[in-house]
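Taken together, the values in this text are just the output of simple stated rules run on the coordinates, not laboratory data. Keep in mind the model is a prediction, meaning the values are calculated, not measured. Glycine gets a Cβ as well: all are built from the backbone with ideal geometry, and neighbour counts include every protein chain shown.
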Amino acid sequence: MRTSPNRLIATIFGAVYLLVGILGFFVTSGVGFFATEGQNLIIFAVNPLHNIIHLAIGAALLIAGLTSIPSAKGVNTTVGAVYLLVGIVGLFLLGSSLNIIALNGADNVLHLASAVLLLGVGLSQDKSVARRSTAAQTV
C-alpha cells in the first residue's frame, strides 16, 4: 500500500467516510430518513440516508484500498466521478424538496474537493502498474 497512491487514498478516504457514516447516526436521531434538512455533524448536514450513503462509499473505498491497485484505481475514479456529479447537482438542490440527502453548502464543497482528489489520483497514478497488469493478462 505504501507504494500505491490509489490504495493509500482509497484506504484513508474509506476509513474516514465509514467513521463519518457511523458518527452521523449519533446526531440524526429524530430526523426523517429523507429529510431535506438534516442535523449538523460539525458543519455538514446529514440525515439517515446520507449516513447510509457514507457507509456504502466508505466500505467500497476501504475494501478496494485493501484489495489491489486496479480495484483501488477503479473505485477512486468511480467514486470521484459520482462525487463530481453530486457536488454539481447539489448546488441546485439546496432549499429544494429534491434534496433528499440533506445537502448544504459545506457538503457541496467537500464533495467537489473529494471528487478532484479521487479523480486526480484515480486517473493519474499507478499507470505503470495498470499497463503491466493489462499486459500480463493478455499474455
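Among 38-47, 88-97, 105-114, the peptide with the highest mean count of other Cβ atoms within 10 Å heads the list, and the full ranking is 38-47, 105-114, 88-97.
Within the chain, helices built from complete DSSP H runs that reach 27 Å or longer along their own axis (Cα positions) and carry a mean Kyte-Doolittle hydropathy of -0.5 or higher are 5-27, 48-67, 69-93, 105-124. Counting only DSSP H runs of at least 4 residues, each contributing -39500 (n - 2.57), and dividing by the residue count of the chain, the helix-based mean residue ellipticity at 222 nm comes to -25000 deg cm²/dmol.
Residues whose amide H comes within less than 5 Å of that of residue 41, counting only those at least five positions distant or on another chain, are 46 (H built at 1.01 Å from N in the peptide plane).
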